[in-house]
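The values are calculated or read from the model by the stated rules, or taken from the named source; none is laboratory data. As the structure is a prediction and not an experimental result, all values here were calculated from the model. Note that each Cβ is placed from the backbone with ideal geometry, even for glycine, and that neighbours are counted across all protein chains shown. Accessible surface areas use protein heavy atoms only, side chains included; no ligands, DNA or RNA. Shrake-Rupley method; radii C 1.70, N 1.55, O 1.52, S 1.80 Å.
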Amino acid sequence: MYAWVTLLTQPEYYVGVKALLRSLKRSETRWPLIVMVTDAIDLSMREALQALGCVIHPVQPLMPDAALEQHYASAQFGEVWSKLRAWELTGCERVVFLDADMLVL
């Protein structure tokens, strides 16, 4: 299976995931959008994304070593390491990771 993958760690980025999904659908992709979600994303938001056609994949946040945290402009950027969880999607032959603020044209 091939898939598009994104990460949702904060409810504020939900609208971005919806826009990304819409752009993928408009491009007539054959592949699903897997949304890796952390515990910060509640059940209702997960179910809403599933209803739109997303595949929900819960993940534990992957946080950097505490010594590295001081180098981030904001604590929220420490969450970006969780994108590496895409490598754990062993049920997929190929994946393309897209940030939730991207659009496919």
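Restricting attention to segment 85-101, and to residues there that are open to solvent by 80 Å² or more (accessible area, probe 1.4 Å) and touching a residue at least 12 places away in the same chain (Cβ under 8 Å), which single residue is nearest to Ala3 (Cα to Cα)?
Here the answer is Arg94.
Can you work out which of the residues in segment 32-60 that are part of a helix (DSSP H, G or I) and among the aliphatic types (A, V, I, L, M) is most open to solvent (accessible area, probe 1.4 Å)?
Residue satisfying both the conditions and the ranking: Leu43.
Can Trp81 be described as modelled with pLDDT under 95, touching a Leu at 6+ places or on another chain (Cβ under 8 Å), open to solvent by 30 Å² or more (accessible area, probe 1.4 Å) and outside any loop (DSSP other than H, G, I, E, B)?
Criteria met by Trp81.
Just to be sure I understand, how many residues within segment 1-31 are part of a loop (DSSP other than H, G, I, E, B) and open to solvent by 40 Å² or more (accessible area, probe 1.4 Å)?
Count: 6.
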